[in-house]
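J.: This is the structure I want to talk about, given as C-alpha cells.
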Amino acid sequence: MDTVIQLGDIKIHRVVEQQQPMFDALDFFPSLTKEVLDQNRAWLEPHYLDPATGKIVICVQSYVVQTLHHNILIDSCVGNHKPRPGRPFWHMQSNDRYERALAATGLTFDDIDYVMCTHLHVDHVGWNTRLESGRWVPTFPKARYLFADRELAFWTQKQKEDPASWPWISDSVLPIVEANRAEVVRSDHVLGDLVQLMPTPGHTIDHYSVHVGKPGQDALITGDMIHSPIQARFPDLGMRADYDSRLAGQTRRKVFGRFCDTSTLMCMAHFPSPSTGRITRRGDGFDFIPG
C-alpha cells in the first residue's frame, strides 16, 4: 500500500523493490569493531540489524517526488534480468514487485519526467533500463535522466578500462546516454524553486542528495550519504564501497549539522521501513528518529 508524504505542494512516495538482511555488519563497515557493535545491539536489533545473522537490514527503493509540474523518480534500484553473479539476491531478478509498487502511487513508467541518479552504483541505476527484444532500452521513455558530470565521467572511464567489472554501467547507464535521454548536470543543479541537488560526496566521487520543498515543509532524499542509523551515531563510520570514507564522514557531519533538530524530513535510501524520519543531535554524533 502506498503511503503518501505531503509537504506543502509536494508529494513523496516510496517505491520499494526489496527489504531483507543483506550484508554482515562488520564487513559492511570495515572500521566498526565488534565491541562497538555489541554496545549498540540493543537499539539496532531487530529492526536495523538481524539478530539471527548479524546482517544489516537493507531496503532497496526509489523515492518519487511529485511537484505541481513534474514527477521525479530518485534512484532506480536493481532492476530485472540484470546479471549480478556477485550478489545472489540481485542476480537476474524477474518479478513485478517494483512495477506493482510504482503502480500503487498511481503512476506508470510513462508518467516519470525526470530520473535522478544520486550516484551510479549497481543498486541505484538498475531500473534505468529494461530488456526489450534483447536490447537495453530506457524504462522511463519520456524521462530525462540526471547524472552528475564527474560521476558519469568517472564510471564511464572505469567501464572503458574494464567492462567486465562494471556490468551495470554497460546495461543501465550507457544505454541511457546512447538513447540521448541523459542530462549531465553539476551536483548542485537546481530544478525549479522546489527541487535542488545537493553535493554529498564521499560514498562516490560526485554523489548528490536531493533537497525538495520549502523551509518548514521540506525533505532531503539522501541517497547513499548514509546506509544505517549507526552512521548517524558515528558519522565517521565508513562503509566498504566508499570512494573516500573520510570525505563521506565529513559530508554526514556537515549535512546532519545543518538539518538536525529541524522539521526537515530525511528520506533514507536503505533504512528499513518506514525509512523516513528526522535527525537530532546526540553528543558528538546524531540520532535518527523514525517517523
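The values are calculated or read from the model by the stated rules, or taken from the named source; none is laboratory data. What you see is a predicted model; the values in this text were computed from it and never measured. Note that each Cβ is placed from the backbone with ideal geometry, even for glycine, and that neighbours are counted across all protein chains shown.
J.: Could you name every one of the helices (runs of 4 or more DSSP H) located completely within the stretch 126-191 that has at least 1 residues being small (Gly, Ala, Ser)?
T.: On the way: elements: 149-161, 167-172, 174-178.
Those helices (runs of 4 or more DSSP H) span 149-161, 167-172.
J.: Sticking with this structure for a sec: Of the numbered conditions (1) of a type outside the set (Ser, Thr, Tyr); (2) surrounded by fewer than 16 Cβ atoms within 10 Å (Cβ to Cβ); (3) outside any strand (DSSP E or B), Arg281 fails exactly one; give the number of that condition.
T.: (3)
J.: Search the stretch 93-112 for residues that are under 14 Å from Leu73 (Cβ atoms) and pair each with any residue that is among the hydroxyl-bearing types (Ser, Thr, Tyr) and at pLDDT 95 or above when their beta-carbon atoms are under 7 Å apart and the residues are at least 6 apart or on different chains.
T.: Cβ pairs passing all conditions: Phe109/Thr139.
J.: Which pairs turn up if I take residues in the stretch 258-274 that are closer than 18 Å to Val195 by Cα and surrounded by fewer than 21 Cβ atoms within 10 Å (Cβ to Cβ) and look for partners that are at pLDDT below 95 and hydroxyl-bearing (Ser, Thr, Tyr) with beta carbon separation below 9 Å, at least 6 apart in sequence or on another chain?
T.: Short answer, once both residue conditions are applied: none.
J.: Continuing with this model, one more query. Tell me the strands (runs of 3 or more DSSP E) entirely within the stretch 1-102 that contain at least 1 residues that are within 28 Å of Gly249 (Cα to Cα), under 21 Å from the mean Cα position of the chain (by Cα) and modelled with pLDDT of 95 or more.
T.: Output list reads 10-24, 55-66, 71-74.
J.: Filter the stretch 29-47 down to the residues that are within 19 Å of Ala241 (Cα to Cα) and either of a type in the set (A, V, I, L, M, F, W, C) or surrounded by 17 or more Cβ atoms within 10 Å (Cβ to Cβ) (or both) and list them by number.
T.: Phe29, Leu32
J.: I need a count of the residues in the stretch 2-36 that are free of Cβ contacts under 8 Å to residues at least 24 places away in the same chain and touching a Leu at 6+ places or on another chain (Cβ under 9 Å).
T.: 2
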